[in-house]
């Protein structure tokens, strides 16, 4: 049995709990927060869907205990921008391939971008016409940054998807999106334009909300 990939989430709030639920089928989810009450709530709500740790997420020793070294996805979703930034710096040093941060204050956005972290507004989660897809077998994560109208999605490619055997470059050109990572059974890789899409992989998609929606809708027509 192939072990689940690991996702570490900073913050044990309602947003984190919802994201953890969406990730639980593909990831071993670990949540870390310094607030005992928040940790207890997340633990009782998620039960076996996630492991919950109490500790300072900006403390490298705490993140080491959580297992950041094996994480393939790191989501800083607390309501504290400085805490999110400090935690992302640790994740970056530890070589986590995909780091995403919730940024509440726009004045902080450039700092996160300079660090190479994807910025999202998690609470703007999904427009109505694709909300059901987020909970389906096609899309397991979709977030939108309202300040830029940029959307981030992780999209599964099914066996009968029309995207199978297409090149990454074809998708980038025809849908005006970027695909910075492909997630395979072996982990996350950075694909070239000539990378051939196979069933069973997942594509990390970034683009305007309308372009990402169009891509998702066409991927799902299997």
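Every read-out reported here was derived from the displayed coordinates using simple, explicitly stated rules and does not represent laboratory data. Predicted, not measured: the structure shown is a model, and the values here were computed from it. Glycine also receives a Cβ, built like all others from the backbone with ideal geometry; neighbour counts cover every protein chain displayed.
Numbers for the structure displayed
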item	result
Residues in the range 157-194 reached by a label modelled at residue 208 [backbone nitrogen below 18 Å; 7 Å Cα→Cβ]	171-179
Helix 81-93 axis, angle to the chain major axis (alpha carbon atoms, nearest 10°)	70 degrees
Extension gain, residue 82 back to residue 25 (0.36 nm per residue minus Cα-Cα distance, nm)	17.5 nm
Among 81, 107, 59, residue whose mean-square fluctuation peaks in a GNM of the chain (springs only between Cα atoms under 10 Å)	107
Span from the the range 2-65 Cα centroid across to the the range 166-208 one, whole angstrom	27 Å
Average Cα contact separation per residue, the chain, under 8 Å, 6 or more apart, as relative contact order %	14 percent
Computed helical MRE - 222 nm, the chain, DSSP H runs ≥ 4 contributing -39500 (n - 2.57), nearest 500	-9000 deg cm²/dmol
GNM top mover of 108, 51, 22 - the chain, alpha-carbon springs below 10 Å	108
Contour excess over end-to-end distance, with Cα ends at residue 110 and residue 40 and 0.36 nm allotted per residue	21.8 nm
